[in-house]
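**Student:** Below is the structure I would like to discuss, written out as structure tokens.
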Amino acid sequence: MEPAMSELRQQCLWEHVSKPTVAAQALAGEHKADVCVIGGGITGLSAAIHLLEQGKSVIVLEAWKIGHGGSGRNVGLVNAGTWIRPDDVEATLGQKQGSRLNKVLGEAPAEVFAMIERLGIDCQAQHKGTLHMAHNATGIADLEARHEQWRRRGADVELLTGAQCQEYCGTDKISAALLDRRAGTINPMGYTQGLAAAVTRLGGKIFQQSSVEGLEREGDGWRVKTARGAVRAEKVVISTGAYTEGDWSNLQKQFFRGYYYQVASKPLQGIAADKVLPHGQGSWDTRTVLSSIRRDDQGRLLLGSLGRVDNKPAWFVRSWADRIQSHYYPELGKVEWEMHWTGCIDFTPDHLMRLFEPAPGLVAVTGYNGRGNTTGTVIGRAFAEFLLKGEADSLPIPFSPMSGVSAPSLRTAFYESGFSLYHAGQCLRVVL
């Protein structure tokens, strides 16, 4: 076996470069709080911060550790809007509700970067935009439509073509790219850890390794049970996303689980490396099974795609990464890949999130569809405002009934099989 083969390890880069900011303490005994937040990711921590700033007492319960889920394992793109086009959002939700959601999520990156500055979070924040890169004529048409629709709504987006596009992307394989100046990039684990530190500074309590085993009505409030303790709270926020576990919640039926993996190189230097995304944007292409491309503050090249590689051998991961890198950036030559990791995404069939109020004083959310850095930040604030005021107008969309997604496990298996076959085709140079 070549020496380089043993160097590619399964580890999340963001966890590798970020230091924990709160003590790893599990819940034990009985506790009381105004609000109990279940899930120590971006949504739950954002909600906790806004509640604490309004004088409420808050306890956050995290089943694993801060940043373990999608909040700490994602690409780190701070995207505006939803996965689908803004016109499609309004067609699905209706003009009034869709327009409100487009406005809230269009402004969401600004809220993320404002939180980072206000709370003094160190997370490699770069407010320099993102690039959505067209890989063929169909992709160009899609970007032209997105450009027109967002410009109609006053967004600061620009469709790059020709030499300007190639210079921004750093590759001649892309002939058009949508530059969204509202957006940017972060180290998502650093952001999540920074939010957690703010919660503790404000007097909130965070308990990790404290998986919830039961949620019961108790008088006018709730009793949230773990293996070694319980929290009595007037109100509860459930923000566990794709990592929702246990039979105590009906949320697992409201989405189907998907996966997203990433591969990080060793830090790159030199003229060829400096030409890769030289203006600091993160990017992704228009393929149905997309490839994401970005760099971190140490010059690493990060590639990602839909699917999972935690169940695949290192040679497969390396072959896929080599294929994407050699297609877009052949001038880099042989790249040494350092680590790879896989995270979960909570998908919905229409690619739009769902907000729930299963009972008075209990709110929940699922279905960020891969847009959790921004969506989680604004939904956390919106949930806090709703719990404080009781006014649904503070929410970007109305609550939905808990009707569920049909055959979520079958959907997950179907998509994962398709992604694996596509990536195998890329490794074998049958498709790209």
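The values are calculated or read from the model by the stated rules, or taken from the named source; none is laboratory data. The structure presented is a predicted model; accordingly, all values stated were derived computationally and were not measured. Quick reminder, even Gly has a Cβ in these numbers, built from the backbone with ideal geometry, and neighbours come from all protein chains shown. Ligands, DNA and RNA are excluded from the accessible area calculation, which covers all protein heavy atoms including side chains. Shrake-Rupley method; radii C 1.70, N 1.55, O 1.52, S 1.80 Å.
**Student:** Contour minus end-to-end for S403 and K389, with contour as 0.36 nm per residue of separation and end-to-end as the Cα-Cα distance?
**Tutor:** Extending this stretch completely gives an extra 2.4 nm.
**Student:** Now a separate question. Before anything else, pin down the relative contact order of the chain: Cα pairs under 8 Å, at least 6 apart, normalised by residue count, whole percent.
**Tutor:** 25 percent.
**Student:** Additional query: How large is the helix-only mean residue ellipticity at 222 nm for the chain, computed as the sum of -39500 (n - 2.57) over DSSP H runs with n ≥ 4, divided by its residue count, in deg cm²/dmol to the nearest 500?
**Tutor:** Roughly -10500 deg cm²/dmol at 222 nm, from the helical runs in the chain.
**Student:** Calculate, for K275 and W315, the FRET efficiency according to 1/(1 + (r/R0)^6) with r their C-beta to C-beta distance and R0 41 Å; round to the nearest 0.05.
**Tutor:** The calculated FRET efficiency here is 0.90.
**Student:** With a 1.4 Å probe and every protein chain kept in, tell me what percent of the accessible surface of the chain is carbon plus sulfur.
**Tutor:** 50 percent
**Student:** Quickly work out the T161-to-E53 label distance, labels modelled 7 Å from Cα along the C-beta direction, and quote it in nm with one decimal.
**Tutor:** The modelled label-to-label distance comes out at 4.3 nm.
**Student:** Still on this structure, I have one more. Give me the percent relative contact order of the stretch 1-89, please, defined on Cα pairs under 8 angstrom at least 6 residues apart.
**Tutor:** Value for the stretch 1-89: 27 percent.
**Student:** Further question on the same structure: Specify whether the C-alpha gyration tensor of the stretch 73-159 places it in the rounded, prolate or oblate class, a ≥ b ≥ c being the square roots of the eigenvalues: rounded for a/c under 1.5, otherwise prolate if a/b is larger than b/c and oblate if not.
**Tutor:** Oblate is the answer for the stretch 73-159, as a/c is 1.5 or above yet b/c matches or exceeds a/b.
**Student:** So which residue, out of D142, D172, D220, gets the largest mean-square fluctuation from a GNM of the chain using Cα contacts under 10 Å as springs?
**Tutor:** Fluctuation is largest for D220.
**Student:** For the stretch 269-424, what is the per residue volume of the convex hull drawn over the alpha-carbon atoms, in cubic angstrom?
**Tutor:** Here the figure is 151 Å³ per residue.
**Student:** Please compute the alpha carbon radius of gyration of the chain, then divide it by the globular-protein estimate 2.2 N^0.38 Å. Two decimals is fine.
**Tutor:** My calculation over the Cα atoms of the chain gives 0.96.
**Student:** Right, another one. Please compute the length gained on full extension between A424 and K173, using 0.36 nm multiplied by the number of residues separating them and subtracting their Cα-Cα distance.
**Tutor:** Extending this stretch completely gives an extra 88.2 nm.
**Student:** Residue by residue through the stretch 71-78, what is 3J(HN,Hα) from phi via Karplus (6.51 cos²θ - 1.76 cosθ + 1.60, θ = phi - 60°)? Round to whole Hz and write x for glycine and proline.
**Tutor:** 4, x, 10, 7, 5, x, 7, 9
**Student:** Could you order the peptides 353-359, 400-406 from most to least packed, using the average number of other C-beta atoms within 10 Å per residue?
**Tutor:** Sorting 353-359, 400-406 by mean packing, highest first, produces 353-359, 400-406.
**Student:** Tell me the relative contact order for the stretch 138-219 as a rounded percent, counting alpha carbon contacts under 8 Å between residues six or more apart.
**Tutor:** Answer for the stretch 138-219 is 21 percent.
**Student:** Let me ask something else. So what's the gap between the Cα centers of the stretch 413-432 and the stretch 65-117, to the nearest angstrom?
**Tutor:** When both Cα centres are located, 28 Å separates them.
**Student:** Relative to the compact globular guide of 2.2 N^0.38 Å, what is the alpha carbon radius of gyration of the stretch 371-432, as a ratio?
**Tutor:** 1.84
**Student:** Next question, about the same structure. What nm value, rounded to one decimal, do you get for the distance between E331 and K128 when each label is placed 7 Å out toward the C-beta?
**Tutor:** 1.6 nm
**Student:** Next up: Given the C-alpha centroids of the stretch 270-339 and the stretch 178-248, what is the distance between them in whole angstrom?
**Tutor:** So the separation of the two Cα centres works out to 32 Å.
**Student:** Rounded to the nearest 20 debye, what is the charge dipole size of the chain about its Cα centre when +1 sits on each Lys and Arg Cβ and -1 on each Asp and Glu Cβ?
**Tutor:** With Lys and Arg at +1 and Asp and Glu at -1, about 260 debye.
**Student:** Another question about this same structure. Lys and Arg at +1, Asp and Glu at -1: add these up for the other residues within a Cβ distance under 10 Å of N369 and post the number.
**Tutor:** With Lys, Arg at +1 and Asp, Glu at -1, the neighbours total -1.
**Student:** Given R₀ = 41 Å, what would the calculated FRET efficiency be for D350 paired with Q298, taking r from the Cβ atoms and rounding to 0.05?
**Tutor:** 0.60
**Student:** Further, regarding this structure: Find how much the distance from R201 to T138 grows on full extension, using 0.36 nm per residue of separation minus their present alpha carbon separation; answer in nm with one decimal.
**Tutor:** Gain on stretching R201 to T138: 17.7 nm.
**Student:** Averaged per residue, what accessible area in Å² does the chain show with a 1.4 Å probe, protein chains only?
**Tutor:** On a per-residue basis, the chain sits at 41 Å².
**Student:** Another one. Return the distance in nm (one decimal) between the two label points of a simple spin-label model at E117 and F414, each offset 7 Å from Cα along Cα→Cβ.
**Tutor:** Once both label points are built, they end up 4.6 nm from each other.
**Student:** For q = 0.20 Å⁻¹, what log10 I(q)/I(0) does the stretch 218-352 give under the Debye formula with an equal point scatterer on each alpha carbon and no solvent?
**Tutor:** Computed log10 I(q)/I(0) values: -1.15.
**Student:** What is the dipole size for the stretch 1-135, taken about its Cα centre, with +1 at each Lys and Arg Cβ and -1 at each Asp and Glu Cβ, in debye to the nearest 20?
**Tutor:** The dipole magnitude comes to about 160 debye.
**Student:** A follow-up question, please. Straight-line reach only, C-alpha to C-alpha below 21 angstrom: list the lysines that K19 could link to, leaving out same-chain residues fewer than 8 apart.
**Tutor:** K65, K205, K266
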